[in-house]
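A.B. asks: Pasting a structure below so you can have a look.
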Amino acid sequence: MKPNQRLLSLDALRGFDMLFIMGFSGLVASLCALWPNLFTDAVAGSMGHAAWDGLTHHDTIFPLFLFIAGVSFPFSLAKQRANGLGERAILGKVIRRGVTLVVLGLVYNGLFKLDFASLRVASVLGRIGLAWMFAAILYIYCGVKTRGIVAAAVLIGYSLLLCLVAAPDAPAGADPLSIQGNLAGWVDRQWLPGRILYKTFDPEGLLSTVPAIVSAMFGMFTGEFLRRERPGLTGDRKALYMALAAAAITLVGIAWSGVMPINKKLWSSSFTCVVTGYSLGMFALFYYLIDVRGWKRWTLFFRVIGLNSITIYLAQRIIPFGRISDFFLGGAASKCPEAVAAVVNNAGYVAACWLFLYFLYKKNTFLKV
């Protein structure tokens, strides 16, 4: 593939992923409440995070975004090198992007309130920035085999560390993989500055960021594979191979969960594998439909979101989209039964967010970090 070739599937999948952050999860849950049964209850429950061990759809959103960021980097790097950018300049851009995302995470958490005593330093954007940055540095300076060894060593080492070493201040007999006994929480209590989200544990803390690097690395392995050109390696075959790899790594994660449970808050090694399988499978599907078969017309709705994903993530903290929805639809919602009103309000919120992004799209305005 050419260095400057843009994968529409990446933009569409990123938009599909961010749609749930943009209020679609609430819309799905409110729709399910209209027809309560075992199936709809399960679907509604999957729109929130697992309390500790376990996996819901909502748990896949964050790692899928990080995976997508990884996939795009080999294309970005090839383009920068083709434009004559030196390795030192590229490294500077990588570090600057990582740091910028950490700062934007602080802004999201309320940096401008200037209440530093209660400011949470850990953040979703901060983890994306750090995990992507370290994965990108490894990609620039290490070959495939070395990066593969590093990824395996991190996942195995992290799993052994958390399974075998309990927090030094844990209650006697505490499970080292429990919220009270895990080592990641102890590391946060000792060295993570600022407010800790759950007082004793932060799901975007220091130690659990390490396996998140591997999530970004898996994305970069995928992007590297997509850029490979050799006779017979068609788009159809690439999609098939990615789908098979997705199934394989998902099975590895499920098997691993017998030793270390699937746990997003700890970003457990089994979680890393299972959500990578999901991410790779979803990307294989979008890649096949959009970039291989050329079915692109349906993607506009998602691309409008995907091209400004960081924008809408931050904008929801700044712009009162709920009040905008209420201004236009509040009257109609007030005339409806409570369950229907929830659907109207959630649909209005999603629509307000999307129309804001569509306005930016038509103005060719995109926030790039």
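A.B. asks: Treating the beta-carbon of each Lys and Arg as +1 and of each Asp and Glu as -1, no other charges, what is the dipole magnitude of the stretch 223-369 about its Cα centre, to the nearest 20 debye? Walk me through the intermediate numbers first.
C.D. replies: Working: 17 positive and 6 negative charges, 85 e Å.
Charge dipole, the stretch 223-369, about its Cα centre: 400 debye, nearest 20.
A.B. asks: Over the stretch 140-225, what percent of the accessible surface lies on carbon and sulfur atoms, probe 1.4 Å?
C.D. replies: Numbers: 2620 of 3820 Å².
Answer for the stretch 140-225: carbon and sulfur cover 69 percent of the accessible area.
A.B. asks: Would you indicate which of [x] 151; [y] 168; [z] 121 is the value of volume of the Cα convex hull per residue in Å³ derived from the coordinates of this structure?
C.D. replies: After the calculation, the listed value that fits is [y].
A.B. asks: Which value in nm describes the separation of the simple spin-label points at residue 323 and residue 251, placed 7 Å from the Cα toward the beta carbon?
C.D. replies: Rounded to a tenth, the inter-label distance reads 5.5 nm.
A.B. asks: FRET efficiency for residue 153 and residue 82, Cβ-Cβ distance as r, R0 = 30 Å, nearest 0.05? All intermediate terms of the calculation are to be shown ahead of the outcome.
C.D. replies: Working: r = 32 Å, r/R0 = 1.08.
That gives a FRET efficiency of 0.40.
A.B. asks: What figure in square angstrom, to the nearest 10, would you give for the accessible area of residue 186 with a 1.4 Å probe?
C.D. replies: Ignoring ligands and nucleic acids, residue 186 comes out at about 50 Å².
A.B. asks: Once you sort the root eigenvalues of the Cα gyration tensor of the stretch 212-319 as a ≥ b ≥ c, which label holds: rounded (a/c under 1.5), prolate (a/b larger than b/c) or oblate (the other case)? Each step should come with its number before you reach the end.
C.D. replies: Details: a/c = 2.21, a/b = 1.06, b/c = 2.09.
Oblate shape, in that a/c is at least 1.5 and b/c is the bigger or equal ratio.
A.B. asks: Quickly estimate the mean residue ellipticity at 222 nm for the chain, helices only: each DSSP H run with n ≥ 4 gives -39500 (n - 2.57), and the total goes over all residues, rounded to 500.
C.D. replies: Working: 15 runs with 237 residues, N = 369.
It comes out at -21000 deg cm²/dmol, rounded to the nearest 500.
A.B. asks: Hey, rough spin-label estimate for residue 355 and residue 369, points 7 angstrom out along Cα→Cβ, what's it come to in nanometres?
C.D. replies: My value for the distance between the label points is 2.8 nm.
A.B. asks: Shifting gears a bit: What distance in nm separates the simple spin-label points at residue 227 and residue 199, each placed 7 Å from Cα in the Cβ direction?
C.D. replies: For the pair residue 227/residue 199, the computed spacing is 4.8 nm.
A.B. asks: Turning to a different aspect of this structure: Sort the stretch 34-123 into rounded, prolate or oblate with this rule: let a ≥ b ≥ c be the square roots of the eigenvalues of the Cα gyration tensor; rounded if a/c is under 1.5, and if a/c is not under 1.5, prolate when a/b is larger than b/c, oblate otherwise.
C.D. replies: oblate
A.B. asks: Could you order 179, 312 so the one with the most accessible surface comes first? Probe is 1.4 Å. Could you put the intermediate results ahead of the total?
C.D. replies: On the way: 179 60, 312 0 Å².
The ranking, largest first, comes out as 179, 312.
A.B. asks: Determine the order of 271, 39 by accessible area, beginning with the largest, at a probe radius of 1.4 Å. Present the calculation step by step, with values, prior to reporting the outcome.
C.D. replies: Numbers: 271 0, 39 150 Å².
Result, largest first: 39, 271.
A.B. asks: Filter the DSSP H helices in the chain by two things, a Kyte-Doolittle mean of at least 1.6 and an axial alpha-carbon span of 24 angstrom or more, and list the hits by number.
C.D. replies: 124-141, 144-164
A.B. asks: Would you kindly find the accessible area of residue 103, with a 1.4 Å probe and non-protein molecules such as ligands, DNA and RNA excluded, rounding to the nearest 10 Å²?
C.D. replies: 70 Å²
A.B. asks: Starting from the residue with the highest accessible area, list 34, 101 in decreasing order, probe 1.4 Å. Before the final figure, lay out each step's value.
C.D. replies: Details: 34 55, 101 5 Å².
So the residues, ranked largest to smallest area, are 34, 101.
A.B. asks: Kindly identify the stretch 145-219 as rounded, prolate or oblate by the Cα gyration tensor criterion: order the square roots of the eigenvalues as a ≥ b ≥ c, call it rounded if a/c is under 1.5, otherwise compare a/b with b/c, prolate if a/b is larger, else oblate.
C.D. replies: On the way: a/c = 3.01, a/b = 1.58, b/c = 1.91.
Judged from the Cα gyration tensor, the stretch 145-219 comes out oblate (a/c at least 1.5, b/c at or above a/b).
A.B. asks: Rounded to the nearest 0.05, what FRET efficiency do residue 169 and residue 146 give with R0 = 51 Å and r taken as the Cβ-Cβ distance? Could you check? Kindly include the intermediate steps, with their values, before the conclusion.
C.D. replies: On the way: r = 37 Å, r/R0 = 0.72.
Here the calculated transfer efficiency is 0.90.
A.B. asks: Here's another thing I want to ask about it. Quick one: accessible surface of residue 254, probe radius 1.4 Å, all protein chains present, in square angstrom to the nearest 10.
C.D. replies: So the heavy atoms of residue 254 present about 90 Å² to solvent.
A.B. asks: Same structure, new question: Residue 199: which lysines have alpha carbons under 17 Å from its alpha carbon, excluding same-chain residues fewer than 8 sequence positions away?
C.D. replies: 265
A.B. asks: May I ask which of 264/368; 238/362; 93/363 have a Cα-Cα span longer than 30 Å here?
C.D. replies: On the way: 264/368 27 Å; 238/362 33 Å; 93/363 26 Å.
Beyond 30 Å between Cα atoms: 238/362.
A.B. asks: When ligands, DNA and RNA are left out and all protein chains stay put, how many square angstrom of accessible area per residue does the stretch 83-132 have with a 1.4 Å probe?
C.D. replies: On the way: 2620 Å² over 50 residues.
Counting only protein heavy atoms, the per-residue value for the stretch 83-132 is 52 Å².
A.B. asks: Could you give the length gained on full extension between residue 178 and residue 103, defined as 0.36 nm per residue of separation minus the Cα-Cα distance, in nm?
C.D. replies: Numbers: separation 75, 0.36 × 75 = 27.00 nm, distance 3.05 nm.
Length gained, residue 178 through residue 103: 23.9 nm.
The values are calculated or read from the model by the stated rules, or taken from the named source; none is laboratory data. Everything numeric in this text was worked out from a predicted model, so none of it was measured. Neighbour counts are summed over all protein chains in view; Cβ atoms, including those assigned to glycine, are modelled from backbone coordinates with ideal geometry. Heavy atoms of the whole protein, side chains included, go into the accessibility calculation; ligands, DNA and RNA do not. Shrake-Rupley method; radii C 1.70, N 1.55, O 1.52, S 1.80 Å.
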